[in-house]
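*Asks:* Please see the structure below; I have some questions.
The values are calculated or read from the model by the stated rules, or taken from the named source; none is laboratory data. Not measured: the values here are computed from a predicted model. Glycine also receives a Cβ, built like all others from the backbone with ideal geometry; neighbour counts cover every protein chain displayed. With ligands, DNA and RNA removed, areas are computed over all heavy atoms of the protein, side chains included. Shrake-Rupley method; radii C 1.70, N 1.55, O 1.52, S 1.80 Å.
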Amino acid sequence: MLEWHNQDEEHAVQLVAQGSPFEMFIVFRDALLACPALVDEYNQVKLNAAHLSATEYRAAKSIFIERVLSETKSQ
C-alpha cells in the first residue's frame, strides 16, 4: 500500500499489477474518466473531508469509491 515518507509531498503514484486484488482501482479510474460529473463529485467529497484525520479522510473516499464500484457492477 501507499507509503508516505514526507508529509509535504503532494503527489503519489499508484501502480496496479494485472490480476492483483487491487484491479478495482482500474474500474474506478475508468468510471471517473467516463464521467466528468463523477470527477467533480469525487473532488467535492475530498474537499469536504479535507479537515478530517487521515483515517476519516480515507473512510470518506472509500464510501464514495464503493458506491461507484457498486453502480458500475449493476450496469
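*Asks:* Sort out for me the helices (runs of 4 or more DSSP H) sitting completely within the chain that have 2 or more residues that are among the acidic types (Asp, Glu).
*Replies:* Where helices (runs of 4 or more DSSP H) fall fully within the chain and carry at least 2 residues being among the acidic types (Asp, Glu), they are 36-48, 54-73.
*Asks:* Under 6 Å by Cβ, and 6 or more places apart or on different chains, what pairs join a residue from the range 61-75 that is polar (S, T, N, Q) with one that is modelled with pLDDT under 95?
*Replies:* Taking only residues 6 or more apart or on different chains, the pairs are 72/27.
*Asks:* List the number of the failed condition for residue 25; all other conditions in (1) free of Cβ contacts under 8 Å to residues at least 12 places away in the same chain; (2) more than 11 Å from the chain's Cα centre (by Cα) hold.
*Replies:* Among (1) free of Cβ contacts under 8 Å to residues at least 12 places away in the same chain; (2) more than 11 Å from the chain's Cα centre (by Cα), residue 25 violates only (2).
*Asks:* In addition: Take the range 60-70 and flag every residue that is open to solvent by 80 Å² or more (accessible area, probe 1.4 Å) and either among the basic types (Lys, Arg) or more than 17 Å from residue 46 (Cβ to Cβ) (or both).
*Replies:* Result: 67, single match.
*Asks:* Only residues in the range 42-53 that are modelled with pLDDT of 95 or more count as the first member; pair them with residues that are among the acidic types (Asp, Glu), Cβ under 8 angstrom, at least 6 apart or cross-chain, and list the lot.
*Replies:* 49/56
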